[in-house]
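The values are calculated or read from the model by the stated rules, or taken from the named source; none is laboratory data. Predicted model only: the values in this text are computed from it and were never measured. Every residue, glycine among them, receives a Cβ derived from its backbone with ideal geometry; neighbour counts consider all protein chains shown.
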Amino acid sequence: MPYHEFECSKCIPERKKHAVVKGPGEDLTSALPLGYLNTIPGTISERGCAYCGAKHVIGSPMKDVIHMSHGPIGCTYDTWQTKRYISDNDNFQLKYTFATDMKEKHVVFGAEQLLKKNMIEAFKAFPNIKRMTVYQTCASALIGDDLNAIAQEVMDELPDVDVFVCNSPGFAGPSQSGGHHKINIAWINQKVGTVEPKEITSDYVINYVGEYNIQGDQEVMQDFFKRMGVQILSTFTGNGSYDDLRAMHRAHLNVLECARSAEYICNELRVRYGIPRLDIDGFGFEPLGNSLRKIALFFGIEERAQAIIDEETARWKPELDWYKARLTGKKVCLWPGGSKLWHWAHVIHEEMGVDVVSVYTKFGHQGDMEKGISRCEEGALAIDDPNELEGLEAMETLKPDIIFTGKRPGEVAKKIRVPYLNAHGYHNGPWKGWEGWVRFARDIYNAIYSPLHELSKLDISKDEIPGDKGFVTQRMLSDANLPEEVRNSTTLREYTGKFDCLEALRHKTYPTFERKAAAVAG
Amino acid sequence: MDDLMKSRMAQLEDYIMKNCLWQFHSRSWDRKVQNEGILSKTMQILCGEPVANETPIDKCHWVDAVVLAEEFQSRCPWLAGMDKADVKTLMNALHERMDYLTIDGSLNLELTDQHY
């Protein structure tokens with residue numbers, strides 16, 4: 001096994017089995033790190049907790065819900081600005097955050113009545129919102145508060161509301177991934193099948209699962225589905241509606257994006273309701289095109305998908321290639337939380353020309369590493385649950401031009417002058433769809449060729465500051481070594497989309513497709 | 001299997017491992033079903049044989065198989081020159097190899113968990 005031992009982690013020998021190098025001739029039977037295990041004492045992990053995984057990743061993107069944390073107020077820190085799962089109902093779920101604000105006295109005397117009071121107050125404060133999720137935290141779990149009983153009392157007193165209880169305290173798993181699992185299973189056990197869909201408008205009905213509408217990704221994909229005449233019955237959970245998600249059992253197909261966070265509910269929907277699971281890639285021109293083709297094939301409407309693929313590719317390929325010409329050969333550390341390590345590993349190499357020199361996952365399982373290692377090129381360093389020192393050592397050794405990661409390791413990277421993009425919340429997303437993929441390429445370009453970043457490499461305490469040179473531009477940096485025909489190409493061009501590419505989608509009119517039943521009746 | 005066949009199988013394996021997701025379901029029993037369903041249907045498509053897709057699960061395997069067969073045909077022009085028997089031998093070997101990589105030889109400790 002080609003394990004990689006970090007110098008900084010020699011004092012924690014257990015860490016050795018959490019990193020491998022994909023060498024020549026290596027495959028998954030010889031190169032796979034351990035994963036999804038309890039963090040080793042002594043290593044400062046960058047993971048989140050199981051409550052975070054349940055609430056902040058999966059629960060909270062539901063848009064028409066009061067999300068109530070039953071615990072200390074600090075648990076619900078992540079809200080407006082720190083999370084970017086927007087919605088088309090004025091971002092209710094991001095603008096308002098709710099917690100019962102447990103204190104020491106509640107730990108001693110119990111906090112069930114505090115919870116009930118908060119739930120009723122919240123429903124009264126927002127009379128148009130009739131749905132709530134209550135999240136267990138470490139504090140309320142340890143004192144044994146019965147959330148289900150309180151939820152039932154509130155539903156008895158307020159008959160027009162519905163409450164979902166998510167019992168995933170922070171300690172309920174090795175990482176946030178434990179919380180993903182718990183909320184998936186809790187949702188299908190408690191809620192799926194409890195209502196029928198409001199309206200079936202198409203012969204082709206899907207659940208779009210594992211999609212969190214980061215900066216509008218879901219709305220971009222919804223546009224493609226609407227153009228194909230495919231109805232999204234529910235989205236689990238970005239921009240998703242609570243009652244739509246209770247009716248997931250009526251879809252014909254589960255289309256799964258982030259298998260790390262949501263494969264559980266797809267598997268259960270397959271076992272309990274016979275709905276098949278189709279794993280797709282929503283990122284990158286070719287993977288996205290193939291994904292839409294597969295969905296269309298399933299329903300027998302291939303020509304509708306092909307029309308979208310042709311139109312979008314013609315519109316955006318010249319812009320993607322403009323960036324590819326300037327990004328080819330740049331070294332990337334692909335260090336996201338989970339699924340993006342495999343969603344992006346091959347396609348940023350193929351379509352943007354960058355070289356992935358390392359992949360890591362904070363909370364992924366070995367299954368995620370199987371996908372990531374399969375998709376990246378030889379020589380890549382794969383790390384499970386890295387600590388901060390390992391991240392620093394890897395950057396010093398691999399010398400990447402950029403890393404794609406979260407805010408915490410991203411800020412660490414900046415300190416050693418490595419630019420980073422936020423792989424979780426994005427910089428200028430959405431990054432899904434053809435246009436989104438160009439926006440991602442533009443963000444990479446802007447980060448790597450930032451003149452300000454170049455200036456930051458000078459240390460004013462010891463370096464000589466050149467006073468005889470003017471300010472450089474991005475193009476001066478990126479085009480310096482480009483061949484003339486590329487630099488002055490008349491076919492390639494920079495991104496020409498709008499600052500806000502979602503607004504138009506929200507007011508768009510879509511074609512209507514005759515339904516089979518109507519055609520037969522007619 | 002001769003060296004030519006081995007190198008051809010490696011090309012097909014490389015395409016699947018780099019571009020597909022269906023082979024990585026989370027449990028051994030799922031992976032067996034996926035590999036069997038998709039690779040046997042791909043073989044039938046490549047050989048011009050009829051493919052069953054009546055049930056939703058079958059149909060889901062079939063769509064992955066259709067796209068896989070198209071990608072194989074466009075990336076591996078030598079496939080067009082092979083007779084049916086050789087295509088079947090190649091695809092059976094590929095199926096065995098995929099089962100080994102993703103199930104029997106896999107180092108993924110979660111594959112045998114009893115629950116999802």
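Quick check on the range A:448-495: of everything there that is in contact (Cβ under 8 Å) with a residue 60 or more places away in the chain and among the charged types (D, E, K, R), which residue is surrounded by the most Cβ atoms within 10 Å (Cβ to Cβ)?
A:479
Here B:93, B:69, B:65 are screened, and the one residue that is part of a helix (DSSP H, G or I), of a type in the set (A, V, I, L, M) and away from every other protein chain (no Cβ under 14 Å) is B:93.
Just to be sure before I move on: is residue A:435 surrounded by fewer than 24 Cβ atoms within 10 Å (Cβ to Cβ), outside any helix (DSSP H, G or I) and either touching a residue at least 12 places away in the same chain (Cβ under 8 Å) or among the basic types (Lys, Arg) (or both) in the structure I sent? Please lay out each step first, then the result.
Values: surrounded by fewer than 24 Cβ atoms within 10 Å (Cβ to Cβ): yes; outside any helix (DSSP H, G or I): no; either touching a residue at least 12 places away in the same chain (Cβ under 8 Å) or among the basic types (Lys, Arg) (or both): yes.
Against the criterion (surrounded by fewer than 24 Cβ atoms within 10 Å (Cβ to Cβ), outside any helix (DSSP H, G or I) and either touching a residue at least 12 places away in the same chain (Cβ under 8 Å) or among the basic types (Lys, Arg) (or both)), residue A:435 does not qualify.
Residue B:113 fulfils the conditions (1) in contact (Cβ under 8 Å) with a residue 60 or more places away in the chain; (2) part of a helix (DSSP H, G or I) except for a single criterion, (2). Name the one entry in A:350, A:303 that is free of Cβ contacts under 8 Å to residues at least 12 places away in the same chain and either in contact with a helix residue (DSSP H, G or I) (Cβ under 7 Å, 6 or more places away or on another chain) or surrounded by fewer than 23 Cβ atoms within 10 Å (Cβ to Cβ) (or both). Answer to the check: A:303. For the residues A:304, A:270, the requirement of being modelled with pLDDT of 95 or more, closer than 22 Å to residue A:233 by Cα and away from chain B (no Cβ under 12 Å) singles out A:304.
Report, by residue number, each residue of the range A:1-54 that is of a type in the set (Lys, Arg), assigned to a loop (DSSP other than H, G, I, E, B) and in contact with a strand residue (DSSP E or B) (Cβ under 9 Å, 6 or more places away or on another chain).
Taking the range A:1-54 as the starting set, the residues that turn out to be of a type in the set (Lys, Arg) are A:10, A:15-17, A:22, A:47.
The next check asks that each one be assigned to a loop (DSSP other than H, G, I, E, B); those that pass are A:10, A:22, A:47.
Within the range A:1-54, just A:22 meets the criteria.
Listed here are the helices (runs of 4 or more DSSP H) enclosed by the range A:452-522 that have at least 2 residues being in contact with a Phe, Trp or Tyr (Cβ under 9 Å, 6 or more places away or on another chain) and over 30 Å from residue A:218 (Cβ atoms): A:474-478.
Test residue A:210 against the stated conditions and say whether it is in a strand (DSSP E or B) and within 14 Å of chain B (Cβ to nearest Cβ). Full working, then the answer.
Numbers: in a strand (DSSP E or B): yes; within 14 Å of chain B (Cβ to nearest Cβ): yes.
Spelling it out, residue A:210 is indeed in a strand (DSSP E or B) and within 14 Å of chain B (Cβ to nearest Cβ).
Of the listed requirements (1) under 22 Å from residue B:102 (Cα atoms); (2) touching a helix residue (DSSP H, G or I) at 6+ places or on another chain (Cβ under 6 Å); (3) of a type outside the set (A, V, I, L, M, F, W, C); (4) surrounded by fewer than 23 Cβ atoms within 10 Å (Cβ to Cβ), residue A:377 misses just one: (2).
Filtering the range A:245-265 to residues that are surrounded by fewer than 22 Cβ atoms within 10 Å (Cβ to Cβ), of a type in the set (D, E, K, R) and either in contact with a Leu (Cβ under 8 Å, 6 or more places away or on another chain) or modelled with pLDDT under 95 (or both) leaves only A:250. Reported count of residues in the range A:250-263, each being at the interface with chain B (Cβ under 10 Å from one of its Cβ atoms) and over 16 Å from the mean Cα position of the chain (by Cα), is 3.
Looking at A:400, A:386 in this structure, which one is in contact with an Asp or Glu (Cβ under 8 Å, 6 or more places away or on another chain) and more than 13 Å from chain B (Cβ to nearest Cβ)? Step through it out loud before you land on a result.
Numbers: A:400 fails: in contact with an Asp or Glu (Cβ under 8 Å, 6 or more places away or on another chain).
That would be A:386, the only listed residue that is in contact with an Asp or Glu (Cβ under 8 Å, 6 or more places away or on another chain) and more than 13 Å from chain B (Cβ to nearest Cβ).
Note on the range A:384-399: among residues that are in contact (Cβ under 8 Å) with a residue 24 or more places away in the chain and more than 23 Å from the chain's Cα centre (by Cα), the one that is farthest from residue A:366 (Cα to Cα) is A:399. Within the range B:75-84, the set of residues being closer than 17 Å to residue B:39 by Cβ and in a helix (DSSP H, G or I) comprises B:75, B:79, B:84. Filtered by the rule that a residue be modelled with pLDDT of 95 or more, in a loop (DSSP other than H, G, I, E, B) and touching a strand residue (DSSP E or B) at 6+ places or on another chain (Cβ under 9 Å), the range A:329-363 gives A:329, A:330, A:335, A:345, A:346, A:354. Put simply, of B:64, B:113, B:99 the only residue that is modelled with pLDDT of 95 or more and out of contact with any Phe, Trp or Tyr (no Cβ under 9 Å at 6 or more places or on another chain) is B:99. Cβ-Cβ distances below 9 Å connect the following pairs, each with a first residue in the range A:18-36 that is more than 13 Å from residue A:4 (Cβ to Cβ) and in contact (Cβ under 8 Å) with a residue 12 or more places away in the chain, a second residue that is in a strand (DSSP E or B) and β-branched (Val, Ile, Thr), and a separation of six or more residues or different chains: A:30/A:20; A:35/A:361. Considering (1) touching a residue at least 60 places away in the same chain (Cβ under 8 Å); (2) buried (at least 16 other Cβ atoms within 10 Å of the Cβ); (3) not hydroxyl-bearing (Ser, Thr, Tyr); (4) not in a loop (DSSP other than H, G, I, E, B), the lone condition that residue B:30 does not fulfil carries the number (1).
Could you tell me which of the residues B:19, B:35 is touching a residue at least 24 places away in the same chain (Cβ under 8 Å), at the interface with chain A (Cβ under 9 Å from one of its Cβ atoms), surrounded by 15 or more Cβ atoms within 10 Å (Cβ to Cβ) and under 25 Å from residue B:108 (Cα atoms)? Write out each step before concluding.
On the way: B:35 fails: at the interface with chain A (Cβ under 9 Å from one of its Cβ atoms).
Among B:19, B:35, only B:19 is touching a residue at least 24 places away in the same chain (Cβ under 8 Å), at the interface with chain A (Cβ under 9 Å from one of its Cβ atoms), surrounded by 15 or more Cβ atoms within 10 Å (Cβ to Cβ) and under 25 Å from residue B:108 (Cα atoms).
Could you list, in sequence order, the residues of the range A:215-239 that are outside any helix (DSSP H, G or I) and either crowded, with 21+ Cβ neighbours inside 10 Å or modelled with pLDDT under 95 (or both)?
Quick first cut of the range A:215-239, residues outside any helix (DSSP H, G or I) only: A:215-216, A:229-239.
Within the range A:215-239, A:215, A:216, A:230, A:232, A:233, A:234, A:235, A:236, A:237, A:238, A:239 qualify.
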